[in-house]
1. Run the accessible area of the chain with a 1.4 Å probe and give the carbon-and-sulfur part as a rounded percent.
2. Read phi for every residue in the stretch 91-97 and hand back ³J(HN,Hα) as whole Hz from Karplus 6.51 cos²θ - 1.76 cosθ + 1.60, θ = phi - 60°, with x for Gly and Pro.
3. Quick one: grab the alpha carbon gyration tensor of the stretch 6-337, order the square roots of its eigenvalues as a ≥ b ≥ c, and give me rounded if a/c is under 1.5, else prolate or oblate depending on whether a/b is larger than b/c.
4. Could you sort Cys119, Cys266 by their accessible area in this structure, using a 1.4 Å probe and putting the largest first?
5. Using a 1.4 Å probe, how large is the accessible area of Lys89, given in Å² and rounded to the nearest 10?
6. For the full complex of protein chains and a 1.4 angstrom probe, list Val52, Val326 by accessible area with the highest value first.
7. Taking a probe of 1.4 Å, how large is the accessible area per residue of the chain, in Å²?
8. Just by accessible area at a 1.4 angstrom probe, what is the order of Ser142, Ser260 from largest to smallest?
Amino acid sequence: MLFDIFEIREKRLQNRLCAAPLASLSGSADGLPTERSLEVYGKIAASGVALVNVEHHAVNSTGRVRPEQFLADSGEAAAAHAKIAGLIKNGGKISVAQISHGGANISSDGIFGLEGFRCLSPSGVRVGKVWEKLSAEPEKLSLPEIKKIVEDFAAAAERLVRTAGYDGVMIHAAHGYLAGQFLSPLTNLRDDAYGGTEYRRARFLYEITDAVRRTLPDAVVSVRLGAADTLPDEKPHGLAVEDTVPVARELAALGVDLISVSGNLCGYGMDRTNGSYFAPYAAAIREAVGGKVPVECTGGIRGIKSAEKLLGDGCCDLIGVGRPLVADAGFLDKWRDVI
Ligand SMILES: Cc1cc2nc3c(=O)[nH]c(=O)nc-3n(C[C@H](O)[C@H](O)[C@H](O)COP(=O)(O)O)c2cc1C
């Protein structure tokens, strides 16, 4: 099954393996790819995966999480990213650029010195360890600011597809970044149209998805969905998979081409390296969307047998691979050996 051909929005994937988005920390101070970025993506483009999700690109200057992050806020920036899209396409793979806004989840205090940066969030709740050494607080987004960010997602998506030449975009709604901050009741304390019920907490993500889908009717549009704030083997706290099951159904109705399942405030299971730990969440979401949208599972998948089992058991349709790919872009040859 892993080596079966698969199709997404009339684009043919040579197998069921996807490169997970992995921040390479290789961007220039103005968020553009460098020689090192091209080296990183050249290797991934030559690996055995069928689809490459390129690391998170901030949709505007307030959405950055660290200075080395890719930025997609202008036509010039998108033109610079064309080199990466080209490498992936030349490698015969489907190319997808992740679009993101970090909100209150910053990775470096160096971000405060960058032009145009303001730390915006649903409710002023701090996310991440960097805040421990800071006296500043995140700002609470106003309604017009929320609308503007939704527009910025659609504009960045359009640039990355039309100017940079990507086959599509992945909307980042995981790992405690802004869309994930809206989803979680721990970071979204609003009592307006964007907070309170599960539907209202997801409204920001729905508006982004709808805007991106309408802007790019022919491109691949996927969502990286942080299924819960805790890992499946932990006691639920905050966002639970029962909350994201209806979100996944609504995303399917909005016309997304793929849902990539990961964690929200629990991150991507940073300290876990094996065990396909998000499989229970992927299975719940796949069942909920009932075959209308393919589901990708990523996190701790480390061998051909595990991958085949996840596909065979109906947990997911596609397998995401992150850290093994960075460690050795030739990982797939070793995986093949154990069939
Ligand atoms: C160094 C590093 C950078 C990452 N950057 C991103 C990112 O830009 N966007 C994203 O959605 N996930 C990111 N992730 C999470 C990965 O996409 C993936 O979900 C995680 O590594 C678990 O999969 P794995 O066990 O196969 O590595 C990153 C993970 C690592 C280790």
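The values are calculated or read from the model by the stated rules, or taken from the named source; none is laboratory data. Given the structure is predicted, the values throughout are model-derived calculations rather than measurements. Just the protein is used for accessible areas: all its heavy atoms, side chains included, with ligands, DNA and RNA removed. Shrake-Rupley method; radii C 1.70, N 1.55, O 1.52, S 1.80 Å.
1. 50 percent
2. Each residue's phi maps through the Karplus curve to give x, x, 10, 7, 10, 10, 9 Hz.
3. Because its axes are fairly even, with a/c under 1.5, the stretch 6-337 counts as rounded.
4. Per-residue accessible area, sorted high to low, gives Cys266, Cys119.
5. Lys89 exposes around 90 Å² with every protein chain in place.
6. Largest accessible area first, the residues go Val326, Val52.
7. Here the residues of the chain average 39 Å² of exposed surface.
8. Final ranking, largest accessible area leading: Ser142, Ser260.
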